[in-house]
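Beneath this line is the structure, given in structure tokens, with notes to follow.
The values are calculated or read from the model by the stated rules, or taken from the named source; none is laboratory data. The model shown is predicted, which means the values in this text are computed figures rather than measured ones. In this analysis, Cβ positions are derived from the backbone assuming ideal geometry, glycine residues included, and neighbour counts consider all displayed protein chains. The area values use the complete protein model at the heavy-atom level, side chains included, leaving out ligands, DNA and RNA. Shrake-Rupley method; radii C 1.70, N 1.55, O 1.52, S 1.80 Å.
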Amino acid sequence: MNQPNTNMNTNHVALYWDFENIHALLFESARTFGRYVEKKRTQQPELVNIQAIVEFARSIGNLAINRAYGDWDYMGNYRHPLNLAGVDLIQLFSKGANGKNGADIRLALDVIEDIYRFQQLSHIIVVSGDSDFLSLAQKSKQLNRQIIGIGARESTNQIWAKNCNQFQYYNEL
């Protein structure tokens, strides 16, 4: 059962998940599964605490947008918990040898489009430790939006973390 949002402010939050990024970071840090790059094209175990991230986003304000980007053929174990959390799953098929940056580019484009379409958005949360979102952080701040990053302490790019208005380590949620 969802708890009512007791936050009395008028913040409107958009939450974007670079899902493979956060999953891969947790996969590697677990050290029990092997190297992620060798197993990324197999069904993945459920490692991400989805509810902790959603609850953090709701503590900031009204969760207006909640999207996760990934190849759900391999992240199928997450479909049900993500659906229960009201996350819109964006299917991205791997392109090329490693599919690098496909989710990053789509996510960044969607954020900028959403900022222009939904003027009420006050906070953008990006779940990723990836430095590819530096320009997104800068542009979001130029457009007068608070940018919050969430990533794993062990592997988050510190330049990305410092360019956010706030950075929350996943391990501390």
Number of positions in the stretch 56-109 that are modelled with pLDDT under 95, more than 20 Å from Gly129 (Cα to Cα) and among the acidic types (Asp, Glu): 1
Selection status of Ser29, open to solvent by less than 60 Å² (accessible area, probe 1.4 Å), out of contact with any His (no Cβ under 8 Å at 6 or more places or on another chain) and assigned to a loop (DSSP other than H, G, I, E, B): no
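Take Ile60 and decide whether it is without any contact (Cβ under 8 Å) to a residue 40 or more places away in the chain, closer than 25 Å to Ser140 by Cβ and open to solvent by 10 Å² or more (accessible area, probe 1.4 Å). It would help to see each step written out before you state the result.
Numbers: without any contact (Cβ under 8 Å) to a residue 40 or more places away in the chain: no; closer than 25 Å to Ser140 by Cβ: yes; open to solvent by 10 Å² or more (accessible area, probe 1.4 Å): yes.
It is false that Ile60 is without any contact (Cβ under 8 Å) to a residue 40 or more places away in the chain, closer than 25 Å to Ser140 by Cβ and open to solvent by 10 Å² or more (accessible area, probe 1.4 Å).
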Count of residues meeting criterion [under 13 Å from the mean Cα position of the chain (by Cα) and among the polar types (S, T, N, Q)] in the stretch 137-155: 0
